[in-house]
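Handing you this structure, nothing more for now.
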Amino acid sequence: MIDYFATVLVFFIYNVLTAVAANLTLGYLGLFNLGLIALIGIGAYCYALFQSIGCGFWLSTLLAILIPGLFAIGLQYLTRKLKGDYFGIATLGFTYLVFAILVNADFTRGALGIPGIPKPVIFGFEFGSPLLFLLFSTIVLVIVLFIVYRLVNSRFGRLMQAIRDDETSVKVLGKNTDAVKYKVTFFAGCIAGLAGMIFASFITFIDPFSFLLPPLITILTIAILGGLASFWGPVLGAAIITVIPELLRFVGLPSSVLGPLRVLIYAVILIVVLVYWPKGILGNIKYE
């Protein structure tokens with residue numbers, strides 16, 4: 001049971017990290033970026049591939065963080081003139097492009113995926129068991145949340161929200177809004193890559209189908225449910241989405257029913273929240 005609860009908490013931390021990345025772009029900056037799940041996949045594959053060629057934990061992790069951030073900047077540059085739905089569709093196209101590469105490339109082993117991904121090893125100590133991995137991922141989460149808290153409560157954080165609310169007015173004041181968007185998307189991409197690294201190293205297996213629409217819907221559900229532009233929103237949303245489906249394991253339903261029922265619960269929760277809390281439970285967006 002200890003390993004079970006540790007595993008659930010690790011997935012909770014993974015969900016928080018992905019929702020934090022989504023909240024930075026969608027909640028604080030107003031960019032409906034549907035390429036986030038592709039950035040998570042890039043981070044996971046970078047970690048797995050660089051580990052497979054003997055780069056070691058630190059270098060593999062660093063590359064798994066930086067490379068998705070660079071891809072995020074490139075995606076933001078290519079879509080810089082698009083707004084609203086058009087921006088979302090373009091970033092969704094990026095997700096499918098990355099998926100097509102992952103599922104067809106030889107170096108990714110295609111649809112077969114990559115097995116045997118090493119666990120984190122720091123100073124010769126391996127975080128192999130679920131409980132030890134929970135300790136590692138908790139430290140990572142605390143560091144990320146501390147940085148994000150300082151960011152969103154700074155002058156730069158207020159500038160992000162001003163761009164979200166009225167970008168034209170911010171430009172009139174002489175601010176370079178494109179530079180702000182590049183910085184935020186890079187940081188969000190780095191967090192997404194870090195989440196992908198945690199996912200890959202904990203599961204020790206990845207395939208392209210782990211980074212497509214279903215997990216993207218879960219990430220957006222968590223971010224919207226907890227509340228956009230709220231620091232604690234991703235934490236609350238991840239807690240609800242992670243814990244409630246796990247309670248179904250103790251009901252004794254067959255797996256053929258349990259899977260569809262989880263999706264149904266996600267949908268019901270999201271509809272109820274959007275009806276009664278349009279901004280999310282802890283949402284802090286100032287406009288409708």
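The values are calculated or read from the model by the stated rules, or taken from the named source; none is laboratory data. Please read all numbers here as calculations on a predicted model, not as lab measurements. In this analysis, Cβ positions are derived from the backbone assuming ideal geometry, glycine residues included, and neighbour counts consider all displayed protein chains.
Out of curiosity, is I217 touching a Phe, Trp or Tyr at 6+ places or on another chain (Cβ under 9 Å), hydrophobic (A, V, I, L, M, F, W, C) and crowded, with 21+ Cβ neighbours inside 10 Å?
Details: touching a Phe, Trp or Tyr at 6+ places or on another chain (Cβ under 9 Å): yes; hydrophobic (A, V, I, L, M, F, W, C): yes; crowded, with 21+ Cβ neighbours inside 10 Å: no.
No; evaluated as a whole, the condition is false for this residue.
Read through the list (1) among the aliphatic types (A, V, I, L, M); (2) touching a Phe, Trp or Tyr at 6+ places or on another chain (Cβ under 7 Å); (3) surrounded by 20 or more Cβ atoms within 10 Å (Cβ to Cβ); (4) over 15 Å from G196 (Cβ atoms), then give the number of the only condition that I117 fails.
For I117, the failing item is (4).
So which pairs qualify, if the first residue must be in segment 263-287 and charged (D, E, K, R), the second must be modelled with pLDDT of 80 or more and assigned to a loop (DSSP other than H, G, I, E, B), the Cβ gap must be under 9 Å, and the two must be at least 6 apart or on different chains?
Correct list of pairs: K279/G227; K279/L228; K279/A229; K279/S230; K286/A229.
Going by the structure shown, is L134 under 30 Å from F5 (Cα atoms), modelled with pLDDT of 95 or more and not polar (S, T, N, Q)?
Working: under 30 Å from F5 (Cα atoms): yes; modelled with pLDDT of 95 or more: yes; not polar (S, T, N, Q): yes.
The answer is yes for L134.
Which condition does A38 not pass, out of (1) buried (at least 24 other Cβ atoms within 10 Å of the Cβ); (2) touching a Gly at 6+ places or on another chain (Cβ under 9 Å), if it passes all the others?
Unmet condition: (2).
Then there is this: For segment 1-110, list the helices (runs of 4 or more DSSP H) that sit wholly inside it and hold at least 3 residues that are touching a helix residue (DSSP H, G or I) at 6+ places or on another chain (Cβ under 8 Å), of a type in the set (D, E) and on the phi < 0 side of the Ramachandran plot; which are they? Walk me through it before giving the result.
Numbers: elements: 2-22, 36-52, 57-78, 84-104.
In segment 1-110, there are no helices (runs of 4 or more DSSP H) which contain 3 or more residues that are touching a helix residue (DSSP H, G or I) at 6+ places or on another chain (Cβ under 8 Å), of a type in the set (D, E) and on the phi < 0 side of the Ramachandran plot.
Sticking with this one: From the set of residues in segment 41-71 that are touching a Gly at 6+ places or on another chain (Cβ under 9 Å) and free of Cβ contacts under 8 Å to residues at least 40 places away in the same chain, which is farthest from L92 (Cα to Cα)?
F50
Oh, and also: Does any residue of segment 212-224 turn out to be outside any helix (DSSP H, G or I) and in contact (Cβ under 8 Å) with a residue 60 or more places away in the chain?
If we filter segment 212-224 for residues that are outside any helix (DSSP H, G or I), which is where we start, we get 212.
Adding the requirement that they be in contact (Cβ under 8 Å) with a residue 60 or more places away in the chain leaves 212.
Yes, because at least one residue in segment 212-224 is outside any helix (DSSP H, G or I) and in contact (Cβ under 8 Å) with a residue 60 or more places away in the chain.
Return the only residue of F146, F99 being aromatic (F, W, Y) and farther than 29 Å from W232 by Cα.
Working: F146 fails: farther than 29 Å from W232 by Cα.
Exactly one of F146, F99 is aromatic (F, W, Y) and farther than 29 Å from W232 by Cα, namely F99.
Could you check segment 73-83 and list, in sequence order, the residues that are touching a residue at least 24 places away in the same chain (Cβ under 8 Å) and either over 18 Å from L24 (Cβ atoms) or aliphatic (A, V, I, L, M) (or both)? Explain how you work it out, then say what you get.
Restricting attention to segment 73-83, the residues satisfying the condition of being touching a residue at least 24 places away in the same chain (Cβ under 8 Å) are 73, 75-77, 80.
Passing the criteria: I73, L75.
Assess whether G54 counts as being within 27 Å of I139 (Cβ to Cβ), out of contact with any strand residue (DSSP E or B) (no Cβ under 9 Å at 6 or more places or on another chain) and surrounded by 18 or more Cβ atoms within 10 Å (Cβ to Cβ). Step through it out loud before you land on a result.
Working: within 27 Å of I139 (Cβ to Cβ): yes; out of contact with any strand residue (DSSP E or B) (no Cβ under 9 Å at 6 or more places or on another chain): yes; surrounded by 18 or more Cβ atoms within 10 Å (Cβ to Cβ): no.
When the stated conditions are applied, G54 does not pass them.
If you go through segment 157-180, how many residues are within 18 Å of I73 (Cβ to Cβ) and either in a loop (DSSP other than H, G, I, E, B) or in contact (Cβ under 8 Å) with a residue 24 or more places away in the chain (or both)?
5
Could you say whether any residue in segment 237-252 is within 15 Å of the chain's Cα centre (by Cα), surrounded by fewer than 19 Cβ atoms within 10 Å (Cβ to Cβ) and farther than 25 Å from G88 by Cβ?
From segment 237-252, those within 15 Å of the chain's Cα centre (by Cα) are 237-239, 241-242; that's our starting set.
Pick out the ones that are also surrounded by fewer than 19 Cβ atoms within 10 Å (Cβ to Cβ) and you get 239.
Next, only the ones that are farther than 25 Å from G88 by Cβ stay: 239.
Within segment 237-252, one or more residues are within 15 Å of the chain's Cα centre (by Cα), surrounded by fewer than 19 Cβ atoms within 10 Å (Cβ to Cβ) and farther than 25 Å from G88 by Cβ.
Taking segment 68-89 only, how many residues are at pLDDT 95 or above and of a type in the set (G, A, S)?
Summing the residues that are at pLDDT 95 or above and of a type in the set (G, A, S) in segment 68-89 gives 3.
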